[in-house]
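Remarks on the structure that follows.
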Amino acid sequence: MFQPKAGKTAQNDDISALTIQHKNDFLNFEGNAQTLRILTKLQVIGDDLGLNITCGTLAAIMKYTASSDRVDLSKKIQARKKVGYFASEADLVARVREKVGLEGDAKHPVALVMEACDDIAYSILDAEDSIKKGLVSFNDLVAWLQNNSDNSISNDPVVKYVCDYITEEIPHLSTQNLHPGELNDITTQKFRVLAIHVMITAITTAFKEQYDGIVSGSFNGELIKSSQAAKLCSALKDFDRENAFSHQSVLEVELNGFNTLNRLMDFLWMGISQRESYKDLGSKRTSPFAAYVYSRISRNYRRVFEGQIKQYHKDAQLPVRYKELQLLTDMVSGMTDRFCIDLHDDLVKHYREIRGIDGTAP
């Protein structure tokens, strides 16, 4: 893993200036907070407003409202269960919430709907994906729901309705001379459509029932968990964890990804930190390899890092070390799997460890 080197006074001063929030931004990294940063800072068009989205839309995408030093570790307060924004976007978030009229831990009503849509999509599509990849069969999924060790799930009226409806469809489909693989695919698709419809109907009802608390900001919960489809969604998530995410092939992919990212972050850190002037973030890199690595980082991300685009956002006065770590985070979190592997392999191909005259590492 990369280790920031702080041999000079300026570097030591910047490290000591890192607050608990600065450190927690990276120790407790959260994708939702990064989404806010991408939309408002990293998607540079011609100024520093990102995609220039309205305050209402920005408030609606914030699933959580806490900074990294105010996360509720007990997870009793839903809005502060995870990091909502980073220190670099603190002023922006304060302005957005003021404009929209949100106070305390209140979330935008649409944020609750978006959160419920995430729950619906991932719980169902992850199960469908595991079936398509051959990790489990559709019959395994139905058996999981019908014979769950938790009787409250097996006897739940919504779960029973979905299972009964889809099992009644199977005999009809079986008469159409379908290949077993086709039958598996079609029944899975029908299940997906039915389950999504049932869940959307359920959260729509829950939203109406909880409306007063939602608009006043007193609602402290999740729409899906407050709906009649709570058991179905929970059972699907348990199925995904047990049968998909824990499968050997999936764990192997995660392991390979971990190892690739570990080495790649070392390389990226060289490109970010190895420059002639610590304070001049865009200064010349101190080796050809560092210069090449830095050139491979997104131009937009580098512009933001170097402070080339300053127009509307107030300078957050963040330590240089924080900015370095954030550029690394921006780059890594914005990569697709394929791009990550290709970049790693390219940098491995070009990297040569520099050693002293006696053959030892410097």
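Structure values in brief
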{"item": "About the Cα centre, charge dipole magnitude for the chain (Lys/Arg +1, Asp/Glu -1 at Cβ), debye", "result": "1360"}
{"item": "Surface per residue (accessible, 1.4 Å probe) for the chain, Å²", "result": "54"}
{"item": "Residue 90 versus residue 143: modelled label distance in nm, points set 7 Å from Cα along the beta carbon direction", "result": "5.4"}
{"item": "Violating pairs (Cα-Cα greater than 28 angstrom) within the set 133/231; 81/279; 63/133; 82/133", "result": "81/279; 63/133; 82/133"}
{"item": "On Cα atoms only, tilt of 109-132 relative to the major axis of the chain in degrees", "result": "80"}
{"item": "Structure-based [θ]222 nm, the chain - -39500 (n - 2.57) summed over DSSP H runs of at least 4, per residue, nearest 500", "result": "-18500 deg cm²/dmol"}
{"item": "For q = 0.21, 0.24, 0.32 Å⁻¹, Debye-computed log10 I/I(0) when each Cα of segment 197-244 counts as one equal scatterer", "result": "-0.70, -0.81, -1.08"}
{"item": "Rounded to whole Hz, the Karplus (6.51, -1.76, 1.60) HN-Hα couplings of segment 225-241, x for glycine and proline", "result": "6, 8, 9, 6, 9, 4, 5, 5, 5, 5, 5, 5, 5, 5, 4, 4, 5"}
{"item": "Loop-located trypsin sites (Lys or Arg not before Pro) in segment 34-88 whose Cβ has at most 13 other Cβ within 10 Å (DSSP)", "result": "75, 76"}
{"item": "Positive dipole terminus of segment 157-248, leading residue within 236, 194, 166 (C-beta point charges)", "result": "236"}
{"item": "Summed side-chain charge close to residue 189 - residues other than residue 189 whose Cβ falls under 12 Å, Lys, Arg +1, Asp, Glu -1", "result": "-1"}
{"item": "Low-density loop positions, trypsin sites (Lys or Arg not before Pro), segment 88-147 - DSSP coil, at most 15 other Cβ in 10 Å", "result": "133"}
{"item": "Summed residue charge, Cβ within 10 Å of residue 79's Cβ, Lys/Arg positive, Asp/Glu negative", "result": "+3"}
{"item": "Residue-wise HN-Hα coupling along segment 291-307, computed from phi with Karplus coefficients 6.51, -1.76, 1.60 (Hz; x: Gly, Pro)", "result": "5, 5, 4, 4, 5, 7, 7, 3, 4, 4, 5, 5, 4, 5, 4, 7, x"}
{"item": "Distant-in-sequence amide H partners of residue 275 (H built 1.01 Å from N, under 5 Å)", "result": "286"}
{"item": "Inter-label distance, nm, simple model (7 Å from Cα along the C-beta direction), residue 152/residue 179", "result": "4.4"}
{"item": "If the convex hull is drawn through the Cα atoms of segment 160-215, its volume per residue in Å³", "result": "73"}
{"item": "Phi-based couplings in Hz for segment 266-281 (Karplus 6.51, -1.76, 1.60; Gly and Pro marked x)", "result": "4, 5, 4, 5, 4, x, 7, 9, 8, 9, 5, 10, 4, 7, 8, 5"}
{"item": "Of 300, 290, 273, farthest towards positive along the dipole that unit charges on Lys, Arg, Asp, Glu beta carbons give segment 255-308", "result": "300"}
{"item": "At most 12 other Cβ within 10 Å, DSSP loop - trypsin sites (Lys or Arg not before Pro), segment 200-281", "result": "279"}
{"item": "Label point distance in nm, residue 253-residue 338, each placed 7 Å from Cα along Cα→Cβ", "result": "1.4"}
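The values are calculated or read from the model by the stated rules, or taken from the named source; none is laboratory data. Since the structure is predicted, the reported quantities are computational estimates derived from the model, not experimental observations. Quick reminder, even Gly has a Cβ in these numbers, built from the backbone with ideal geometry, and neighbours come from all protein chains shown. Side chains are part of the model used for accessible areas, which takes the heavy atoms of the whole protein and leaves out ligands, DNA and RNA. Shrake-Rupley method; radii C 1.70, N 1.55, O 1.52, S 1.80 Å.
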